[in-house]
Every structure is written in C-alpha cells, then in structure tokens.
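Chemist: Following this message is one structure expressed as structure tokens.
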Amino acid sequence: MPSDRDSRRARAVAGVLALAAVTVIAVDATADDDSPVDPLRNASGEVFGPVEDGLDEATRPIEEVADQVTTVDGLRDDNARLQAEVERLRAELETVDLDRERLESLGAMRRLGDEHGFELVTAQVTAVGPAQSYSQAVTIDAGTSDGVEADMTVVNHQGLVGRVLRADVHSATVLLLVDASSVVGGRLGADLELGMLRGDGDLSDAGELTLTTMDPTVRPAPGDVVVTWGSRGGAPYVAGVPIGRVASVQSSPEDQSTAARVRPYVDFSALDLVSVVVGATEPTTERADPTDTERADPTETERAGPAARAEGR
Amino acid sequence: MPALRALVYAALVVLAIGLQLGPFADLAINGTTPDLLLLVVVAVALVDGPQRAALIGFLGGLALDLAPPADHVAGRWALALVVVGYLVGLVRDDGRQGIVGAMVAVAAGSFVGTSLFALSGLVLDEPGVTVSRVLEVIPVAVLYDVALTPLVLPLLMALARRLQPARDDWVRAA
C-alpha cells in the first residue's frame, strides 16, 4: 500500500513535471521564428524519422495480407488446397497492382516534372499526424541529405500536396494543403484570376479548400481548374501545379466577397509516393508553346499564363 | 534492474510513438488513431503508481510533441500525459484490477488526455482546433483506445510487473 510519504512525493513529482511541461509550452509558444525547441525537434526527427520509416517498411507486407484476408472471405468453404492456391495468386496479383500503381504514379510525377522543368526528389510517406493533434501533416523519408529543404513544394501524380515545413537529415515534415494553417496562392484556370486558398483543417480526409479571389467581382464557376500562382523564387510554391477544381460557390452580399470551395485533386487519405520540387531544370517537352522555355525561371512563370499547363495534365 | 527498466520503458515509448504515427495511420477512423503512448502511460500508472507514470508521461509526451510530423506547440502532450499518469496512478489498486478495471482506467485517461491536449490548443489559439472538431475527435479517440485495451494493456502490464523489484513479489502472487 502506498504510504503517506510516497503519495506526497508522487504529487510533488507530478507537479514539477506539469510545471516543466507548461514551461516548454510557454517557451515554444512565445518564440516567433527561432524557437529554442527547434533543435530538439530536429534531433527527435533524427530518431523518429528512421523509426517511422522502418515500421512503415516492416508493416507493408502485413497490410497487404490484411487486405487479402477480407477479399477471400467467400472462398472459406472451398477445399484447403484450392484456397491456399487462390490466396497465393491473389497476393501476387495484389502486389502487382500495387507495384503498377506506384509505377504509374512515378511516371506521372516524372511527366509533371519534365513538363514544368522541375527537378524532383521522390519520397515515401512514412507517418501521418493523427486527428487528435488537429493538424494535417505527414513525414516523408527524404531530407536534407537528398536536397530537401524547408519551404519546398511537394506534389504527387495527382497535383499539389503541400509544402515542406521542416527538413531533417533523412526525413522531412510536409504540411498538407488541407491543414488549417495552410495558405496557397492560386490562379483560376479559366480567366487567370488570382486568389488565396485556405485549408479548412477537416480531419476526416474529405478536406476542401476555401478560395477567396483578389478581385471581388470575379465569380468562379463550379468546375473551374485552380493551379498554383507561384511565389517569387518558387518558395514555398512553384507556379503552374494543378491544385483542384471549384466544387461550389457562395457569395455574401454584405462584404462583397465570393468564397468558392475547391476540391483538391490529391487524395489525402491515400498518400503514398510524393515528389519534392528541389529545383528547376530545362524543360524536356517538345510542345510548341513558346512560354515553355521560360518555365525554368519561376519568376518568369509567374507572368506566363498557366492555363495551358493546367489543361496539359 | 532500474537501468534495464528505464531502457525497456524508453523502447516501449519509442515503439508506441512510431506505431501510432506510422502504421496505425492506415487504421485511422476519421483520421483518429489509437493513442498507444497513452496506453503505455496508463499501464505504467496501474502497475508502478503515479510517480513513475507522471515521469513516463512527461518524457513520452515531449517525444510525441517533437516527433515528426508534429506541428503544434511543444509541451502540450507532455502536460496532458503527466496529468493522465498521475491521476490514473492515484486511483489504481496496486495493479490487481481486471480487464474491466483497466478499460475504465483507459477510458478515463484517454478522455482526460485528449481533452487536455485539445484544451491547451484552444487556449493557445492553435490553427485547426475548434470546439466542434474537438467534440468529434475525442469520443472516437476514447472508444478506439478502450477497444484496444484488452489486446494491449495485459501485455504492457505483465511486462511492467516483470520489471518490478523482487520485493513486490507478493503483489504478483495476490
């Protein structure tokens, strides 16, 4: 049985630790850019990046087998030999499908890179921030050793994924478009109008973006394609990457503004392979579009109309 | 023995965080994954009492605050799990409660932990934390944690008991 002395000591220890936690919170919350906690974050990235990577690798076959079990439920009554055979063949097929999917997404990302003249580093998503943390961010298995740095654009074969928030040596944290703190400059494909896209922070992977146009008289139409506007120097977002399609439009007469909901192209619940834009190369496409040659320079692309590119995907 | 115990607990904490952020993300319900680290803290609290659980809660929580892809103010999970470890440790019955007792402890711990984390987010005005969203997330998190308890807690508690010094043998026999 715990004695009086023990429980007093436990209370003191818990109190001191709670105070320590509050101190950490206060230090990190009041620091603006250079938080003293950041070196700790990097150090912990060095530990947990490889752990997350290893566990992701280790559990991949289990996931495939788990998917398998549910698909052969109906065959339970067949004889054991046939069932084993079916299972083996299905497992083979499933991995073939998975491999093909990954190959296709790799090909699509390559094409995207070639078309826009991006130099891409491909990485695997190894960890996902849970809803309990109220943020939409993932870890990828590429870091500064691969040329990945903070504020770089992250894409996949479907379109814009987000930007690099922090890069450690072998891993990096990517803030997804749908996070509540994410803001991206976008261009409406139809008439090149500019707007800002904010994530709604929806945690159930059905996230949408809110588009507010710079010019309040512009009314986006459902189905309009939105591509990135591009920041100066290509950080954090390079220009011309497809973001999504306008799903619905609401206008409020009192403040004269129009807010459109944009459904992103990227399926954030099934992120697997992504690419980080680490630089610009000479574009290799042979399209007759004269603006193509200027795409290597992100500041040039800002002026060039991205509509043609949006159609080209 | 204390060195071995510290080592095993450190490994458990790292493994729990890695699994929680990595593979278990594929098993998320509406984005909510089970709080494996919280289960470790509750197991330690039930077996070892409030003092060690508060310490594991603090260190583990801090690691969870800093492990990628965490993007919130550091110290929030640390604070939440210190309180969880201490409170669950206080109400324990020297680790003799059955599986139902453990599930009640996890339910209470999970509710207190996820609520405190959300509350600190609301106080600090962190992006994405809204009351309606919090009310969506917490019930799912609590139910998920309780559902995993029968599978995970007995193993964790057995491990924690094995690591206890020999003088506690009579507790095991009871």
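Chemist: Got a number for residues in segment A:1-45 being surrounded by 15 or more Cβ atoms within 10 Å (Cβ to Cβ), under 29 Å from the mean Cα position of the chain (by Cα) and more than 7 Å from chain B (Cβ to nearest Cβ)? Walk me through how you get there before you give the answer.
Modeler: Taking segment A:1-45 first, the residues surrounded by 15 or more Cβ atoms within 10 Å (Cβ to Cβ) are A:2, A:7, A:10-11, A:13-14, A:17-18, A:20-22, A:24-25, A:27-29, A:35, A:37-38, A:40-42, A:44-45.
This time we only want the ones that are under 29 Å from the mean Cα position of the chain (by Cα), so: A:24-25, A:27-29, A:35, A:37-38, A:40-42, A:44-45.
In the following step, the residues that additionally are more than 7 Å from chain B (Cβ to nearest Cβ) were identified as A:27, A:35, A:38, A:42.
Total satisfying the criteria: 4.
Chemist: Which is touching a strand residue (DSSP E or B) at 6+ places or on another chain (Cβ under 9 Å) and within 17 Å of A:Gly199 (Cα to Cα), of A:Val155, A:Val125, A:Val148? Even if it seems obvious, please write down each step before you answer.
Modeler: On the way: A:Val125 fails: within 17 Å of A:Gly199 (Cα to Cα); A:Val148 fails: within 17 Å of A:Gly199 (Cα to Cα).
When all the criteria are applied, what remains is A:Val155.
Chemist: Now for a separate question. Just checking, does segment B:26-40 include any residue being outside any loop (DSSP other than H, G, I, E, B), of a type in the set (Gly, Ala, Ser) and either without any contact (Cβ under 8 Å) to a residue 40 or more places away in the chain or more than 18 Å from B:Leu116 (Cβ to Cβ) (or both)? Break it down into steps so the answer makes sense when it comes.
Modeler: Our first condition is that a residue be outside any loop (DSSP other than H, G, I, E, B); within segment B:26-40, this holds for B:26-27, B:29, B:32, B:36-40.
When the remaining residues are screened for being of a type in the set (Gly, Ala, Ser), the result is none.
No, every residue in segment B:26-40 fails to be outside any loop (DSSP other than H, G, I, E, B), of a type in the set (Gly, Ala, Ser) and either without any contact (Cβ under 8 Å) to a residue 40 or more places away in the chain or more than 18 Å from B:Leu116 (Cβ to Cβ) (or both).
Chemist: Which of the residues that make up segment A:158-191 are more than 12 Å from chain B (Cβ to nearest Cβ) and free of Cβ contacts under 8 Å to residues at least 60 places away in the same chain?
Modeler: A:Val184, A:Gly185, A:Leu188, A:Asp191
Chemist: So which of A:Val274, A:Val227 is more than 30 Å from B:Ile29 (Cα to Cα) and modelled with pLDDT of 85 or more?
Modeler: On the way: A:Val274 fails: more than 30 Å from B:Ile29 (Cα to Cα).
The conditions single out A:Val227.
Conditions tested, residue by residue: (1) surrounded by fewer than 24 Cβ atoms within 10 Å (Cβ to Cβ); (2) touching a residue at least 60 places away in the same chain (Cβ under 8 Å); (3) touching a helix residue (DSSP H, G or I) at 6+ places or on another chain (Cβ under 9 Å); (4) assigned to a helix (DSSP H, G or I).
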site	(1), (2), (3), (4)
B:Ala70	no, no, yes, no
B:Leu79	no, no, yes, yes
B:Gly85	no, no, yes, yes
B:Gly89	no, no, yes, yes
B:Gln97	yes, no, yes, no
B:Gly113	no, yes, yes, yes
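Chemist: Hey, another quick one. Scan segment B:154-165 residue by residue and report those that are closer than 17 Å to B:Arg52 by Cα and touching a residue at least 40 places away in the same chain (Cβ under 8 Å).
Modeler: Just the residues of segment B:154-165 that are closer than 17 Å to B:Arg52 by Cα, to begin with: B:156-165.
Across segment B:154-165, the qualifying residues are B:Leu156, B:Met157, B:Leu159, B:Ala160, B:Arg161, B:Leu163, B:Gln164, B:Pro165.
Chemist: Is at least one residue of segment B:8-17 of a type in the set (Ser, Thr, Tyr) and closer than 18 Å to B:Phe111 by Cα?
Modeler: Step one: list which residues in segment B:8-17 are of a type in the set (Ser, Thr, Tyr), which gives B:9.
Among the residues that remain, those that are also closer than 18 Å to B:Phe111 by Cα are: none.
Checked against the condition, which is being of a type in the set (Ser, Thr, Tyr) and closer than 18 Å to B:Phe111 by Cα, segment B:8-17 yields no hits at all.
Chemist: Further question: Any residue in segment A:121-135 that is at positive phi and not charged (D, E, K, R)?
Modeler: The first filter runs over segment A:121-135 and keeps only residues at positive phi, leaving A:134.
Of the ones still in play, those that are also not charged (D, E, K, R) are A:134.
Among the residues of segment A:121-135, at least one is at positive phi and not charged (D, E, K, R), which makes the answer yes.
Chemist: Could you identify the single residue in B:Gly61, B:Gly31 that is within 17 Å of A:Val24 (Cβ to Cβ) and either facing chain A (nearest Cβ under 10 Å) or surrounded by 24 or more Cβ atoms within 10 Å (Cβ to Cβ) (or both)?
Modeler: Values: B:Gly31 fails: within 17 Å of A:Val24 (Cβ to Cβ).
Unique residue meeting the criteria: B:Gly61.
Chemist: Okay, moving on. In segment A:114-130, is there at least one residue being within 14 Å of another protein chain (Cβ to nearest Cβ), without any contact (Cβ under 8 Å) to a residue 40 or more places away in the chain and surrounded by 18 or more Cβ atoms within 10 Å (Cβ to Cβ)? Steps first, please.
Modeler: The initial filter retains those residues of segment A:114-130 that are within 14 Å of another protein chain (Cβ to nearest Cβ), namely A:123-130.
Next cut, without any contact (Cβ under 8 Å) to a residue 40 or more places away in the chain only: A:129-130.
Going one step further and asking which of them are surrounded by 18 or more Cβ atoms within 10 Å (Cβ to Cβ), we end up with A:129-130.
So far as segment A:114-130 goes, yes, one or more of its residues are within 14 Å of another protein chain (Cβ to nearest Cβ), without any contact (Cβ under 8 Å) to a residue 40 or more places away in the chain and surrounded by 18 or more Cβ atoms within 10 Å (Cβ to Cβ).
Chemist: Please go through segment B:7-28 and give me each residue that is more than 9 Å from every other protein chain (Cβ to nearest Cβ) and either surrounded by 14 or more Cβ atoms within 10 Å (Cβ to Cβ) or hydroxyl-bearing (Ser, Thr, Tyr) (or both), ordered by number.
Modeler: Hits for segment B:7-28 are B:Val8, B:Tyr9, B:Ala10, B:Leu12, B:Val13, B:Ala16.
Chemist: Is it fair to say A:Asp151 is part of a loop (DSSP other than H, G, I, E, B), of a type outside the set (S, T, N, Q), crowded, with 23+ Cβ neighbours inside 10 Å and within 14 Å of the chain's Cα centre (by Cα)?
Modeler: Working: part of a loop (DSSP other than H, G, I, E, B): yes; of a type outside the set (S, T, N, Q): yes; crowded, with 23+ Cβ neighbours inside 10 Å: no; within 14 Å of the chain's Cα centre (by Cα): yes.
Judged against the criteria, A:Asp151 is not a match.
Chemist: Another question, if that's okay. Go through segment B:88-103 and report how many residues are at the interface with chain A (Cβ under 9 Å from one of its Cβ atoms) and at pLDDT 85 or above.
Modeler: 2
Chemist: Being part of a loop (DSSP other than H, G, I, E, B) and within 21 Å of B:Leu66 (Cβ to Cβ) is the requirement here; does A:Ser145 meet it? Walk me through it before giving the result.
Modeler: Values: part of a loop (DSSP other than H, G, I, E, B): no; within 21 Å of B:Leu66 (Cβ to Cβ): yes.
No; evaluated as a whole, the condition is false for this residue.
Chemist: Can you go through B:Ala74, B:Ala43 and tell me which one is more than 17 Å from B:Leu163 (Cβ to Cβ), in contact with a Leu (Cβ under 7 Å, 6 or more places away or on another chain), of a type in the set (Gly, Ala, Ser) and crowded, with 24+ Cβ neighbours inside 10 Å?
Modeler: B:Ala74
Chemist: When the residues of segment B:115-134 are narrowed to those that are within 17 Å of A:Val24 (Cα to Cα) and facing chain A (nearest Cβ under 9 Å), which ends up surrounded by the most Cβ atoms within 10 Å (Cβ to Cβ)?
Modeler: In this case the residue turns out to be B:Phe117.
The values are calculated or read from the model by the stated rules, or taken from the named source; none is laboratory data. Since we're looking at a predicted model, the values are computed, not measured. Glycine also receives a Cβ, built like all others from the backbone with ideal geometry; neighbour counts cover every protein chain displayed.
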